[in-house]
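Below is one structure, written out as structure tokens; comments come after it.
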Protein chains: 2
Amino acid sequence: MASKPSIPQGTRDFSPAEVSKRQYIIQAIKANFEKFGFQPIETPSFENSDTLMGKYGEEGDRLIFKILNSGNFFFNKNKIELPESLEALQTNSAETISLEQRIELNKFTGRISEKALRYDLTVPFARYVVQHQNEIEFPFKRYQIQPVWRADRPQKGRYREFFQCDADVVGSKSLWQEVELVQLYDTVFTSLGLEGVTIKINNRKILSGIAEVIGASDKLIDFTVALDKLDKIGEDGVKKEMIEKGISEEALVKVQPLFSFSGTFADKINQLSELLSSSEEGMKGVEELKFICDNVADLGLSTAVLDLDVTLARGLNYYTGAIFEVAAPKTVSIGSIGGGGRYDDLTGIFGLKNMSGVGISFGLDRIYLVLEELNLFPETVAATSKAIFLNFGDKEALYASKAIQKLRQENIKVELYPDNVKVGKQFQYADKRLIPFAVITGDQEIASNTYALKNLVTGEQVSVDFEGLKNALLD
Amino acid sequence: MASKPSIPQGTRDFSPAEVSKRQYIIQAIKANFEKFGFQPIETPSFENSDTLMGKYGEEGDRLIFKILNSGNFFFNKNKIELPESLEALQTNSAETISLEQRIELNKFTGRISEKALRYDLTVPFARYVVQHQNEIEFPFKRYQIQPVWRADRPQKGRYREFFQCDADVVGSKSLWQEVELVQLYDTVFTSLGLEGVTIKINNRKILSGIAEVIGASDKLIDFTVALDKLDKIGEDGVKKEMIEKGISEEALVKVQPLFSFSGTFADKINQLSELLSSSEEGMKGVEELKFICDNVADLGLSTAVLDLDVTLARGLNYYTGAIFEVAAPKTVSIGSIGGGGRYDDLTGIFGLKNMSGVGISFGLDRIYLVLEELNLFPETVAATSKAIFLNFGDKEALYASKAIQKLRQENIKVELYPDNVKVGKQFQYADKRLIPFAVITGDQEIASNTYALKNLVTGEQVSVDFEGLKNALLD
């Protein structure tokens, strides 16, 4: 291979410093998931194609990475009939191919690729719950931190391989779960030193209720898509879009309160109650919101703020109750760093009915960027050795190795420079690796059973015995 | 979907108990890798096909999982010419297809799948080193713990997705690395409580030397493959196979010492020195072995045993110096639980010459089986909550939640049963989840600001204040 090797578009190598920082975040998430009673599961990287296909809409199907059947896929088991379309492709371009030919080709793709890479963690979780339902105690609180793959066009901050960190409870409709998930967000971000995040909350039933009271239940999606843009295009813009979508002027008058929706949480609840008094579903949503927010307020949050945001509509096709989204502190301009909600029929797609689920997800890549920008990673996060023993030959290396062995037994990270090369080169190596101490073991040290310990930051050097060495490196 | 969902052959779901046990092993490996100065990297799950293809032999190429180009792969960029063989496949069976057709089909496969799943961690590591050579300080001590995928026929203990745990040093020929890798094996297995593993060591140069002195350098592979079977087919069987492979009777006389190779390490080294005195390469191997084993002996191992095994030939095509393999204690019958060695030209395949590497790998799945069989997993390994607060209604749940919040701040894992259902059902849930304590908060407890703490193992129940509760759950 002549040219320098590379990796596929949209994928990443992670250097030691990057892995350590990512692990630091994952560890904080994981520790708090477990503290809140969630248990880990892991599912295979690839699933049977029919487990995934059709679960994420047409766009999703297109973005799922498909794996070629192994062996020579043309020979597998039964002979595979080639679609006639293949012939047509020899003469036609992609644009002129017919819908029928396209369908036939998709079927052909399905036959030569029976497995596909995980697209998210939710569908595999639903599959897991149904497959293992007899081994699981419900309510089942599970967390899962694994990579997923999407054949999206790569762009800044969007990758084809990325980690998802999900915690979900399945098998309970209790709103205490929502209360705890808000606390969980607060606890994780507080433990990462990321103070002042905003946990936005809404409820699908409130959005449905609004659409109902303005007589636009059939336009729920259009209505919420427009409302969601309030921040960006302002009140006039939103109204214009709603009218374009066929929502009446009269309806707009009714939802006027939403455009000046402000005040304390209680104020907001009062306004919503007034607006939605004629909608049973809407009032149910208000009641749920009130329960969650009252209890969260009573328990108190450490550093996060809970904010009722009636424009929040994320994953509307999916969620049936609470909707969550977490925004980083205002000083950092970045999209949401977490999100989630309740879905009343998580496992129905695999034939297990009446399993309500609620869950939240943490956006690892974005949290990483936020911590980096706010300089919140602890200095000690990197897996660097505390000291390097310089190498002056085999006799000295053996003397050093004996100390190294004893230090490691004390859980101190130390290493031996492997080669007896010029001392300047060894110091340079220690410097570039950001190792804070060097230990010198020459004839004099061996004779006196001591160690010359050099602080590579200050340049200070002291002669110590093993106890002194250990104590200096323990910190 | 009517039928119960399933996962692809050779893949696995991991339950909470299994994930916790796997994480326990990974954590021990990781902590010791870092203690020995190794730094983590991560590479993408899929690489460009040409990074992987041709690196693992013909068999390996066949076992690499290939990913279909995304989008509709037939339309991508340029029209893809279908091989004529496709036509032939309509009428021929796999057996009757010609070599030319097979090659043409392989090329076609290459065009429709430009990416492939990682087959091991070594080739991606070599690719990483070459690609990032200007950012890396050499010698580079890296570890990597990630899944790999192989389209092998699944069977007991052989999976299509499994984790590799590798530590390698690249850019130093120092034998102190080999010394440290032996210590690393000892340290990891000791920390897992797995005492008495045997670390077998050999050297490729010794095998080459033997083949040289018996005049069978051209039959090195045949010779070592036969010698490797000594345990299974005995001395006579090995000799018979060697003769069949064209090794002379005269040569067999010369290698006779190998069949009764025993005694102390020094004895073995003496026998080898005698046998190999006429081979420069062989004597180099003896010298390397002696250096490693002398220094390991001088430093001492905690619980493992280092054993010189001249029949050890694993990865012969690959290794150029030391060869390692770790066997579980004799009471457990299982294959090797670790292996590794030195390869003098790790990165040459990607154009960076003269980079010697040496590394070892831990077999996660087999270590798991061994710890399970010897009952060595600590009882506390599972991520189970320490206590569950029973749910008697919203007022009680709020009172409980306040205690839960404070306990979590003390890093105690506790949870609230989410629903106000029959208490028997809640106890049953705690029982099946193996949660050791239940906390009851009724009117009486709320009134007296106390908690009824029930030990679910002994059945004993006490009334405690918050401090008492915390102390009971702390340990």
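Does the range A:373-382 include one or more residues that are within 41 Å of the chain's Cα centre (by Cα), open to solvent by 30 Å² or more (accessible area, probe 1.4 Å) and closer than 27 Å to B:Val182 by Cα? Checked against the condition, which is being within 41 Å of the chain's Cα centre (by Cα), open to solvent by 30 Å² or more (accessible area, probe 1.4 Å) and closer than 27 Å to B:Val182 by Cα, the range A:373-382 yields at least one hit. B:Ala167 meets each of the listed conditions (1) touching a residue at least 40 places away in the same chain (Cβ under 8 Å); (2) within 10 Å of chain A (Cβ to nearest Cβ) apart from (2). Restricting the search to the range B:158-181, which residues are over 24 Å from B:Val129 (Cα atoms) and in contact with a helix residue (DSSP H, G or I) (Cβ under 8 Å, 6 or more places away or on another chain)? Passing the criteria: only B:Tyr159. All conditions in (1) at pLDDT 95 or above; (2) touching a helix residue (DSSP H, G or I) at 6+ places or on another chain (Cβ under 8 Å) hold for B:Val381, with the sole exception of (1). Counting only helices (runs of 4 or more DSSP H) that fall entirely inside the range B:16-66 and contain at least 2 residues that are under 22 Å from A:Ala17 (Cα atoms), the qualifying elements are B:16-35. Of all residues in the range B:196-214, those that are surrounded by fewer than 24 Cβ atoms within 10 Å (Cβ to Cβ) have Cβ atoms under 6 Å from Cβ atoms of residues that are of a type in the set (Asp, Glu), 6 or more apart or on another chain, in B:Thr198/B:Asp307; B:Lys200/B:Asp307; B:Lys200/B:Asp309; B:Lys200/B:Glu325; B:Ser208/B:Glu281. Here B:Asn69 does not fit the description of being at the interface with chain A (Cβ under 7 Å from one of its Cβ atoms) and over 21 Å from the mean Cα position of the chain (by Cα). Of all residues in the range B:13-66, those that are β-branched (Val, Ile, Thr), open to solvent by less than 10 Å² (accessible area, probe 1.4 Å) and either within 23 Å of B:Leu117 (Cα to Cα) or within 9 Å of chain A (Cβ to nearest Cβ) (or both) total 5. Pairs are defined by a Cβ separation below 6 Å, a sequence spacing of at least 6 or placement on different chains, a first member in the range A:407-430 that is under 25 Å from A:Leu474 (Cβ atoms), and a second member that is assigned to a loop (DSSP other than H, G, I, E, B) and among the acidic types (Asp, Glu); the pairs so defined are A:Tyr429/B:Glu137. Of all residues in the range A:104-143, those being in contact with a Phe, Trp or Tyr (Cβ under 7 Å, 6 or more places away or on another chain) and over 26 Å from A:Arg62 (Cα atoms) number 4.
Evaluation of A:Ser174 against the conditions (1) more than 20 Å from the chain's Cα centre (by Cα); (2) more than 9 Å from every other protein chain (Cβ to nearest Cβ); (3) open to solvent by less than 30 Å² (accessible area, probe 1.4 Å) shows that the sole unmet condition is (2). As a summary of the residue check, B:Gly341 satisfies the conditions (1) more than 14 Å from every other protein chain (Cβ to nearest Cβ); (2) at negative phi; (3) crowded, with 20+ Cβ neighbours inside 10 Å; (4) not hydrophobic (A, V, I, L, M, F, W, C) except for the one numbered (2). If only residues of the range B:104-157 that are out of contact with any helix residue (DSSP H, G or I) (no Cβ under 9 Å at 6 or more places or on another chain) and of a type in the set (Lys, Arg) are counted, the one that is farthest from the other protein chains (Cβ to nearest Cβ) is B:Lys156. Take residues that are touching a Pro at 6+ places or on another chain (Cβ under 8 Å) and tell me which of the helices (runs of 4 or more DSSP H) falling wholly in the range A:126-229 contain 2 or more. Passing ranges, in order: A:176-191. Is it the case that some residue within the range A:266-289 is among the small types (Gly, Ala, Ser), assigned to a helix (DSSP H, G or I) and at pLDDT below 90? Yes: the range A:266-289 contains one or more residues that are among the small types (Gly, Ala, Ser), assigned to a helix (DSSP H, G or I) and at pLDDT below 90. Taking the criterion of being open to solvent by 10 Å² or more (accessible area, probe 1.4 Å) and acidic (Asp, Glu), the only residue of the range A:406-418 that qualifies is A:Glu410. Residue count for the range B:260-306 satisfying the condition of being touching a Lys or Arg at 6+ places or on another chain (Cβ under 8 Å), more than 24 Å from B:Gln177 (Cα to Cα) and surrounded by 13 or more Cβ atoms within 10 Å (Cβ to Cβ): 2.
A quick yes/no check of all residues on (1) surrounded by fewer than 22 Cβ atoms within 10 Å (Cβ to Cβ); (2) at the interface with chain A (Cβ under 10 Å from one of its Cβ atoms):
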| site | (1), (2) |
| --- | --- |
| B:Gly351 | yes, yes |
| B:Gly357 | no, no |
| B:Leu369 | yes, no |
| B:Gly393 | yes, no |
| B:Asn420 | yes, yes |
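Note on the range B:113-163: residues that are over 18 Å from B:Gly357 (Cα atoms) and buried (at least 24 other Cβ atoms within 10 Å of the Cβ) amount to 5. Across the range A:431-454, a minimum of one residue is classified as touching a residue at least 60 places away in the same chain (Cβ under 8 Å) and either surrounded by fewer than 12 Cβ atoms within 10 Å (Cβ to Cβ) or over 36 Å from the mean Cα position of the chain (by Cα) (or both). Taken as a whole, the condition of being more than 40 Å from the chain's Cα centre (by Cα) and within 10 Å of chain A (Cβ to nearest Cβ) does not apply to B:Ser385.
The values are calculated or read from the model by the stated rules, or taken from the named source; none is laboratory data. These numbers come from a predicted model, not from an experiment. Positions of Cβ are backbone-derived with ideal geometry, glycine not excepted, and every protein chain shown enters the neighbour counts. These accessible areas exclude ligands, DNA and RNA; they are computed on the full protein's heavy atoms, side chains included. Shrake-Rupley method; radii C 1.70, N 1.55, O 1.52, S 1.80 Å.
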